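Any read-out appearing in this document is the output of simple, stated calculations on the displayed coordinates, not a laboratory observation. Bear in mind the structure is a predicted one, so any value in this text is a computation, not a measurement. Neighbour counts are summed over all protein chains in view; Cβ atoms, including those assigned to glycine, are modelled from backbone coordinates with ideal geometry.
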Amino acid sequence: MKLNIASTTAASALLILLLSGCSNSAKTSDSTVAKAVAPVASTAAPTDAPVAKKEAAASGGVYLGTINGVISDSMCGKDHSKMGGATTDPAACAAKCVAGGAKYVLVDAKGDMYGLSDQDKAKEVAGKQVAITGHIDPTEKSVHVHSIVTQ
């Protein structure tokens, strides 16, 4: 199998450039899906965002987009009953679990948990339904948070 070193290097450089502009200090409230960060550079014409998002997600690539769910903690996830009835308030439960060493996470409609890069923003909206915009890594189940908007 022959690898084209020039295209592999170009793809790596493109990914590094795109992710280097990624910052927690970005204060945007845009909740639209942006173009995907493709794992391999292409000379083809740009595709529309939803198709690119599907391709990036299918190939396990990181993409810039929005994901919806509830802010919870990594110990309880979707089900706070594990706390033995200590609290029925999801925000209070998440705060208690985080104080005990857990991390704030986003739990989507399927029950999948995504780690969040910005724990301070997540703390402010714990227990609430949110839309998070940022770089989403479906393989690692993590989000580099750009913005969190309650719904």
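Could you list all residues from region 99-118 that are aliphatic (A, V, I, L, M) and under 19 Å from Ile148 (Cα atoms)?
First pass over region 99-118, keeping only residues aliphatic (A, V, I, L, M): 99, 102, 105-107, 109, 113, 116.
Val105, Leu106, Val107, Ala109, Met113, Leu116, listed by residue number.
Of all residues in region 95-113, how many are over 15 Å from Thr66 (Cβ atoms), small (Gly, Ala, Ser) and in a loop (DSSP other than H, G, I, E, B)?
Residues that pass the stated criteria total 4.
If I ask for residues that are touching a helix residue (DSSP H, G or I) at 6+ places or on another chain (Cβ under 9 Å) and either of a type in the set (Ser, Thr, Tyr) or exposed (fewer than 15 other Cβ atoms within 10 Å of the Cβ) (or both), which ones from region 129-149 would you list?
Result: Ser147, single match.
Out of region 114-151, which residues are within 10 Å of the chain's Cα centre (by Cα) and not in a strand (DSSP E or B)?
Result: Ser117, Pro138, Glu140, Lys141.
Determine which member of the set Lys96, Lys78 is more than 19 Å from Val145 (Cβ to Cβ) and under 18 Å from the mean Cα position of the chain (by Cα).
It is Lys78.
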